[in-house]
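Some notes on the structure that comes next.
The values are calculated or read from the model by the stated rules, or taken from the named source; none is laboratory data. Note that the structure is a prediction, hence the values are computed from the model and not measured. With ideal geometry, Cβ positions are generated from the backbone for all residues, glycine too; neighbour counts draw on all protein chains shown. The protein model used for the area step is the full one, side chains on, heavy atoms only, and it has no ligands, DNA or RNA in it. Shrake-Rupley method; radii C 1.70, N 1.55, O 1.52, S 1.80 Å.
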Amino acid sequence: MDYLILGLLILSPMSGYELQQFIRQNLALICSHSAGSIQTSLTKLCKSELIRWEESRQGNRKKKTFYITDAGRHVFDDWVSKPMQADKVKNMELSRLFFLGLAKPEARIAAIGDYIRQIEEAKAVLSAIQVRFQDIQNESVSKNPELLQVLDFQKYTIEYGIAAAEFEISWHSRLLRELEDNIVSLS
């Protein structure tokens with residue numbers, strides 16, 4: 001969460017609420033968007049002097065806007081420049097698939113079918129984000145061409161998520177057909 005917040009604050013200073021809303025709308029499939037997670041990270045980053053905040057008034061309400069510091073930018077640059085770690089990407093739900101043979105055949109079919117439905121929903125969310133993102137990208141590039149490379153990699157992340165969802169839907173659909181065929185042949 002810390003690096004995510006640092007990166008978002010490089011793009012634009014934001015309040016805790018704005019961070020939460022951005023994460024909820026655009027990154028919820030990657031990480032938690034709970035206020036508690038975000039607040040814990042903001043507190044930690046402030047104590048480490050990687051971000052700072054300024055308070056302003058909006059009507060009767062106080063608003064804290066967070067900004068990344070030079071130290072925060074340095075920490076972020078070090079992190080983002082390192083190669084991604086293949087062994088860090090884990091899907092604990094695969095352990096359920098590993099043991100699904102211990103479930104009754106009907107439960108297997110139901111579990112795989114429901115998983116496909118969830119992945120289809122996640123893909124639909126990513127597709128909606130992709131459409132929104134394209135609008136943002138077109139608008140932002142005309143205002144600030146330097147953002148093009150940043151936006152390109154955000155686009156790649158969305159494309160990866162959609163491609164991964166398509167693979168999972170295809171693979172699990174094939175498995176579901178196989179399981180259904182096995183039940184029919186046992187009847």
Notebook entry, point to check: What is the one condition in (1) under 27 Å from PHE153 (Cβ atoms); (2) without any contact (Cβ under 8 Å) to a residue 24 or more places away in the chain that ASN60 does not satisfy?
Noted result: (1)
Notebook entry, point to check: Quick check: is even one residue across region 91-102 over 29 Å from GLY161 (Cα atoms), open to solvent by less than 90 Å² (accessible area, probe 1.4 Å) and touching a helix residue (DSSP H, G or I) at 6+ places or on another chain (Cβ under 6 Å)?
Noted result: no
Checklist line | Residue match in region 25-41 (condition: modelled with pLDDT of 90 or more and within 29 Å of LEU148 (Cα to Cα)) | finding: yes
Checklist line | ARG174 modelled with pLDDT of 90 or more, open to solvent by 60 Å² or more (accessible area, probe 1.4 Å) and in a helix (DSSP H, G or I) | finding: yes
Next item on the list: Would you check which residues across region 66-102 are assigned to a loop (DSSP other than H, G, I, E, B) and more than 19 Å from LEU19 (Cβ to Cβ) and list them?
Entry: LYS82, PRO83, MET84, GLN85, VAL89, LYS90, ASN91, MET92
Check: Would you say ARG73 is closer than 18 Å to MET1 by Cβ, at pLDDT 90 or above and surrounded by 12 or more Cβ atoms within 10 Å (Cβ to Cβ)?
Finding: yes
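Residues are listed down the side, and each one gets a yes or a no for (1) in contact with an Asp or Glu (Cβ under 6 Å, 6 or more places away or on another chain); (2) assigned to a loop (DSSP other than H, G, I, E, B); (3) among the acidic types (Asp, Glu):
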| site | (1), (2), (3) |
| --- | --- |
| LEU6 | no, no, no |
| GLU18 | no, no, yes |
| PHE22 | no, no, no |
| GLN25 | no, no, no |
| SER37 | no, no, no |
| THR40 | no, no, no |
| LYS44 | no, no, no |
| GLU55 | no, no, yes |
| LYS64 | yes, no, no |
Next item on the list: Go over the candidates GLN149, GLN118 one by one and state the one that is open to solvent by 80 Å² or more (accessible area, probe 1.4 Å), modelled with pLDDT of 90 or more, among the polar types (S, T, N, Q) and part of a helix (DSSP H, G or I).
Entry: GLN118
Next item on the list: Test GLU49 against the criterion of being part of a loop (DSSP other than H, G, I, E, B) and over 25 Å from the mean Cα position of the chain (by Cα), and give yes or no.
Entry: yes
